[in-house]
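The values are calculated or read from the model by the stated rules, or taken from the named source; none is laboratory data. What you are looking at is a predicted structure, and each value in this text was computed from that prediction instead of being measured. Note that we place each Cβ from the backbone using ideal geometry, even for glycine, and neighbour counts take in every protein chain shown. Just the protein is used for accessible areas: all its heavy atoms, side chains included, with ligands, DNA and RNA removed. Shrake-Rupley method; radii C 1.70, N 1.55, O 1.52, S 1.80 Å.
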Amino acid sequence: MISIENLSKSYGSKLVLENINLNFEKGKVYGIVGENGAGKTTLFKCIAGLEKYNGAIHCEYGKPKDFLGYLQTEPFFFSKITGNEYIQLLCNARNVIYPDIKEKNIFDLPLNEYAVKYSTGMRKKLAFTAILLQENKLFILDEPFNGVDIHSNIIITEIIHKLKGMGKSIIISSHIFSTLNDTCDEIFLLKNGKIIKTVLKEEFRNLESEMKAFTIGNKIEKLNLK
Ligand code: ADP
């Protein structure tokens, strides 16, 4: 459905993404894992058309922004816009009919209140609700589980399964092993702007211990805690 070819991105003289080659198929869930600053969000912004880059992104349906639901790490809302109005705005942007919101308000958000007054988790849930109503084909979910309560995490996980079953492509960035385990078909490890490893579902069992060894090494011993 979408493939990324030799994508590189620099901010000034700093190379943030280097020669990324990835392929995302329909009906699959992909995880992108990497330390803070590895380049995950930058990669997502490039796919969403929010950043310029070198290389190519090929899509079956045209420009990704026209069929992409992008949940940002910290969704931004203009002041004086209610939850309801935000959803309406995003539906209008895609020419989707504004639905009977009572049935679609899956997280029971106070949609008549200003979105800027929402907590971090509520903002994320509002933005997630809105992209679900847009009839997207591709979803990029940047840390969808962060700051969100456990009940909502269960709902988000189930929705990801459902979207996968509908043939959508989903790309998730997360720092939580259990949720990656529950949802992903394939995980890409990103380090300093490069994909250093691809882990298939059948290899997930070892992912946590491999990551631990890879990340910690003997750092903790050297700390010599007293
Ligand atoms: P991640 O999402 O994996 O935490 P980011 O993609 O946000 O990483 O950041 C990757 C690198 O790019 C970091 O070193 C960050 O400081 C840098 N970076 C991100 N956005 C900008 C920007 N707008 N201007 C300059 N540097 C940026």
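Contact map, the stretch 200-226: residues that are within 19 Å of Phe177 (Cα to Cα) paired with residues that are open to solvent by less than 90 Å² (accessible area, probe 1.4 Å) and not basic (Lys, Arg), Cβ distance under 6 Å, separation 6+ or inter-chain. Pairs shown: Leu200/Glu186; Lys201/Asp185; Phe204/Asn181; Leu207/Val199; Glu208/Phe177. Within the stretch 125-143, residues that are at positive phi sit with their Cβ atoms under 8 Å from residues that are among the basic types (Lys, Arg), at 6+ positions apart or across chains, in these pairs: Glu135/Arg94. When we screen Ile101, Ile87, Ile97 for residues that are out of contact with any Cys (no Cβ under 9 Å at 6 or more places or on another chain), open to solvent by 20 Å² or more (accessible area, probe 1.4 Å) and either under 22 Å from Ile171 (Cα atoms) or modelled with pLDDT under 95 (or both), the only hit is Ile101.
Residues in the stretch 36-61 that are open to solvent by 40 Å² or more (accessible area, probe 1.4 Å), out of contact with any Phe, Trp or Tyr (no Cβ under 6 Å at 6 or more places or on another chain) and not β-branched (Val, Ile, Thr): 12 in all. Number of residues in the stretch 105-124 that are more than 30 Å from Leu43 (Cβ to Cβ) and in contact (Cβ under 8 Å) with a residue 24 or more places away in the chain equals 6.
Within the stretch 164-205, the residues that satisfy the criterion of being among the basic types (Lys, Arg) and touching an Asp or Glu at 6+ places or on another chain (Cβ under 6 Å) are Lys194, Lys201. Has the stretch 64-74 got any residue that is without any contact (Cβ under 8 Å) to a residue 40 or more places away in the chain, under 20 Å from the mean Cα position of the chain (by Cα) and more than 23 Å from Ile156 (Cβ to Cβ)? The answer is yes, given that some residue of the stretch 64-74 is without any contact (Cβ under 8 Å) to a residue 40 or more places away in the chain, under 20 Å from the mean Cα position of the chain (by Cα) and more than 23 Å from Ile156 (Cβ to Cβ).
Considering the stretch 1-107, the qualifying strands (runs of 3 or more DSSP E), each wholly inside and each with 3 or more residues that are more than 13 Å from Asp142 (Cα to Cα) and within 12 Å of the ligand (Cβ to nearest atom), run over 2-11, 14-24. For the stretch 116-145, filtered to residues that are part of a loop (DSSP other than H, G, I, E, B) and within 10 Å of the chain's Cα centre (by Cα), the residue that is surrounded by the most Cβ atoms within 10 Å (Cβ to Cβ) is Pro144. Please indicate, with yes or no, whether at least one residue in the stretch 149-160 is within 28 Å of Gln88 (Cβ to Cβ), touching a residue at least 40 places away in the same chain (Cβ under 8 Å), in a loop (DSSP other than H, G, I, E, B) and touching a strand residue (DSSP E or B) at 6+ places or on another chain (Cβ under 8 Å). There is no residue in the stretch 149-160 that is within 28 Å of Gln88 (Cβ to Cβ), touching a residue at least 40 places away in the same chain (Cβ under 8 Å), in a loop (DSSP other than H, G, I, E, B) and touching a strand residue (DSSP E or B) at 6+ places or on another chain (Cβ under 8 Å). Taking the listed residues Val29, Val33, the one that is farther than 27 Å from Ser119 by Cα, touching a residue at least 24 places away in the same chain (Cβ under 8 Å) and surrounded by 12 or more Cβ atoms within 10 Å (Cβ to Cβ) is Val29, with no other qualifying.
The residue of the stretch 176-223 that is nearest to Asn23 (Cα to Cα), among those that are open to solvent by 90 Å² or more (accessible area, probe 1.4 Å) and outside any helix (DSSP H, G or I), is Lys194.
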